[in-house]
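Coordinate-derived values only; no laboratory data. Computed from a prediction, not measured in an experiment: that's the story for all the values here. Cβ placement follows ideal geometry from the backbone for every residue including glycine, while neighbour counts extend to all protein chains displayed.
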Amino acid sequence: ANALSPEAARTYELDRRHVFHSWSAQSTVDPMVITRAEGCYVWDGAGNRLLDFSSQLVNTNLGHQHPRVVEAIAEQARRLATVAPQHANDQRGEAARLIAERTPGDLDRVFFTNGGADANEHAVRMARLSTGRPKVLTRYRSYHGGTQTAINLTGDPRRWANDSGTAGVVHFFGPYRYRSHFHAETEQQECERALEHLAQVIELEGPRTIAAVLLEAIPGTAGIMVPPPGYLAGVRELCDRHGIVLIMDEVMTGFGRTGAWFVSGDEGVVPDLLTFAKGVNSGYVPLGGVAISEHIAAHFAERPYPGGLTYSGHPLACAAAVASITAMEDEGVVGNARRIGAEVLGPELAKLAARHPSVGEVRGRGVFWAVELATAAADVMPDLVGTAKRLGLLPFTNANRIHVVPPCTITEAEARDGLALLDQVLDRADELVAR
Ligand code: PLP
């Protein structure tokens with residue numbers, strides 16, 4: 001159906017009159033009205049049901065409207081809706097424990113923020129204060145958030161208009177075999193050359209000026225480039241050699257997305273600071289944070305940490321995190337994501353890649369996959385997004401890629417339904433690219 005219900009038409013009209021949208025020229029914004037959602041599905045303003053292969057902004061790891069999380073928020077709202085961060089609160093303490101138990105190594109303390117960008121802001125502040133050094137190295141092809149430091153840490157074109165020049169950020173190239181910056185022909189070459197490149201950047205920038213290397217465990221929005229075996233461990237080694245803090249941004253990869261609680265733990269690499277948000281409570285209430293290692297926490301044992309937020313560790317957000325992590329554990333959600341990736345998405349996407357000439361590469365793990373078109377141009381994407389939505393599939397796209405990032409709770413049948421629709425979207429891509 002195409003016609004919006006009268007209520008949805010009113011929603012659309014109010015949005016267009018009063019809501020200022022992210023990352024957009026306001027006159028071009030044309031939002032889809034969403035009226036309800038459940039599990040892996042959302043309903044638009046005309047009553048159409050769409051399979052959510054985007055998890056919104058890759059955050060509803062537990063799917064929509066999980067009853068245990070919804071009930072925990074309602075129950076907490078009745079009991080104690082808000083409390084300032086200086087007071088102790090049961091849900092905050094419990095959320096911190098559950099997170100600390102799942103992060104690798106000695107990341108045992110949690111500083112809570114409102115989302116991922118401010119988590120990265122604070123992680124960088126902790127690294128600079130604890131080392132007394134100014135610079136941070138981050139990757140080209142990365143996304144770290146929309147606030148001033150975070151957007152300057154980011155290595156995608158959204159940084160350009162926000163470049164402050166004073167952010168003290170230096171960018172480097174990470175491994176990306178499909179369009180290798182290092183002319184590598186194997187994964188191993190890509191790994192060795194990417195590490196050699198980073199070693200040179202550190203050398204030439206001056207190791208003693210570098211507070212931190214900050215990187216996404218697997219770059220998400222920038223293309224889901226799974227690092228070759230040994231890369232993350234190699235970065236850890238370089239950081240150790242020079243006394244540089246390793247910050248792993250697991251905002252998108254954390255809490256089941258890749259079929260593990262965290263990529264760092266899965267790969268046996270312990271960062272000094274780990275940032276999270278999104279899947280920590282599936283975004284039912286905004287929450288992010290920094291998990292802090294013992295030695296960085298110790299730096300602030302006797303001197304004050306100069307940072308805070310009114311809503312740090314908000315009880316509604318933390319109650320949602322406790323319920324969400326507990327539900328993921330009880331319902332085997334992380335294992336489900338791993339199995340769906342290994343048995344359904346991985347093999348079936350490989351078949352789609354073989355069948356559709358428009359597809360250049362598919363890559364990923366768990367419920368975290370990118371379908372990269374062979375063409376580097378992104379001009380066909382609006383058409384493909386429109387095609388997908390008409391078919392009943394809500395995709396996540398960036399540049400020349402369609403990301404397959406459904407909730408970690410997706411069933412095999414739902415995943416196969418979505419792939420069948422994606423197959424049709426790629427038929428359209430074949431037509432457009434061959435044109
Ligand atoms: N870091 C990564 C890897 C992200 O994917 C995102 C958001 O997409 C962020 C940080 C920023 O998080 P937020 O939008 O909650 O500030």
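Once you list every other residue whose beta carbon is under 10 Å from the beta carbon of L215, what net charge do they have if Lys and Arg are +1 and Asp and Glu are -1?
On the way: positive: R139; negative: E216, D249.
Neighbourhood net charge equals -1.
Just report the Cα centroid separation between the range 245-295 and the range 8-54, whole Å.
29 Å
At 20 Å minimum axial length over the Cα atoms and a Kyte-Doolittle cut of 0.5, report the qualifying DSSP H helices in the chain, or say none.
Span-like helices in the chain: 315-330.
Sort out for me the Cα centre separation of the range 60-126 from the range 361-428, rounded to whole Å.
Here the two parts' Cα centres lie 31 Å apart.
Along the charge dipole of the chain, which of C40, F20, A277 sits closest to the positive end, that is, farthest toward it, with unit charges on the beta carbon of Lys, Arg, Asp and Glu (+1, +1, -1, -1)?
F20
When the chain is fully extended, how far beyond the present Cα-Cα distance does H183 get from V29, taking 0.36 nm per residue of separation?
Contour length minus the Cα-Cα distance gives 51.5 nm.
Students often check this: by mean Cβ neighbours within 10 Å, which of 279-287, 234-242 ranks highest, and how do the rest follow?
The packing order, highest mean first, is 279-287, 234-242.
Please list, or write none, the lysines whose alpha carbon is within less than 26 Å of the alpha carbon of K278, excluding same-chain residues fewer than 8 places away.
Hits, sequence-local ones excluded: K389.
Can you list the residues, at least 5 places off or on another chain, whose amide H is less than 5 Å from the amide H of N398, using H built in the peptide plane?
For N398, the qualifying residues are H403.
Mind checking the dipole of the range 329-409: about its Cα centre, +1 per Lys or Arg Cβ, -1 per Asp or Glu Cβ, Debye to the nearest 20?
200 debye
For n ≥ 4 DSSP H runs only, could you compute -39500 (n - 2.57) per run for the chain, divide by its residues and tell me the 222 nm figure to the nearest 500?
-12500 deg cm²/dmol
Mind giving me the nanometre distance, one decimal, between the label points for A399 and T326, set 7 Å out from Cα along Cα→Cβ?
With each label point 7 Å from Cα toward Cβ, the separation is 4.2 nm.
Order 245-254, 289-298, 303-312, 268-277 from most to least packed using the mean count of other Cβ atoms within 10 Å.
Details: 245-254: 28.7, 289-298: 20.7, 303-312: 12.9, 268-277: 25.3.
Ranked from most to least packed, the peptides come out as 245-254, 268-277, 289-298, 303-312.
Rounded, prolate or oblate, given the Cα gyration tensor of the range 67-330, with a/c below 1.5 counting as rounded? Please report the intermediate quantities before stating the final value.
Values: a/c = 1.92, a/b = 1.55, b/c = 1.23.
Prolate.
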